[in-house]
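The values are calculated or read from the model by the stated rules, or taken from the named source; none is laboratory data. This structure is a prediction, so every number in the text was calculated from the model and none was measured. When we count neighbours, we look across all protein chains shown, and the Cβ atoms used for this are built from the backbone with ideal geometry, even at glycine.
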Amino acid sequence: MKDVPDMHARVHRTLKPLARFRQISEVTQSLPHPRLADGDELLGVYENEPSELNHYIIVGAKGIYIDHGDAWRFIPYEVMTKTVLPEGDKHAIDRLTIKLMNGDSIVMAVSGGDNKFRDVFEIVRFLDRVIPKHL
């Protein structure tokens, strides 16, 4: 797994430019957030449309936390194997699938962007760089 300074830099380079993403140092309002995994550090938050099931996506140094309304799901980077985008019009894609080592798949909404540039592609780029290369 990437070390924390590298994760800060990766978040800054890849996710900070997204209009819906805030690095934790920029978050001024009180946001609901999960209990962090041992040794994890909050790096930022991505805010989907309020109507999305996972309104908030919390980015930590050890994994992501997906808001499922009444509960949070922690997905460590170390158990992710790959990301998959749905087929279809790339200007309308607003979700991705994260494949896990145990064979499970998690669908995550990423609703930001415009008709030309969708945020989901930058989220995928970030995850693809932090997911360990499993043999």
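Here Glu87 passes the criteria (1) of a type outside the set (A, V, I, L, M, F, W, C); (2) assigned to a loop (DSSP other than H, G, I, E, B); (3) surrounded by 12 or more Cβ atoms within 10 Å (Cβ to Cβ) except the one numbered (3).
Say we look at the range 90-106 and pick out the residues that are at pLDDT 95 or above, surrounded by 13 or more Cβ atoms within 10 Å (Cβ to Cβ) and over 12 Å from the mean Cα position of the chain (by Cα); which of these is farthest from Asp38 (Cα to Cα)? Selected residue: Lys99. Within the range 59-115, being charged (D, E, K, R) and in contact with a Phe, Trp or Tyr (Cβ under 9 Å, 6 or more places away or on another chain) holds for Lys62, Asp67, Arg73, Lys90. Working only within the range 31-86, note down all residues that are acidic (Asp, Glu) and over 19 Å from Asp104 (Cβ atoms). Matches in the range 31-86: Asp38, Asp40, Glu41, Glu47, Glu49, Glu52, Asp70. Checking the structure you have, find out if any residue of the range 51-66 is out of contact with any strand residue (DSSP E or B) (no Cβ under 7 Å at 6 or more places or on another chain) and in a loop (DSSP other than H, G, I, E, B). Taking every residue of the range 51-66 in turn, at least one turns out to be out of contact with any strand residue (DSSP E or B) (no Cβ under 7 Å at 6 or more places or on another chain) and in a loop (DSSP other than H, G, I, E, B). For Ser111, the criteria (1) surrounded by 12 or more Cβ atoms within 10 Å (Cβ to Cβ); (2) within 22 Å of His8 (Cβ to Cβ); (3) of a type in the set (S, T, N, Q) hold in every case but one, which is (2).
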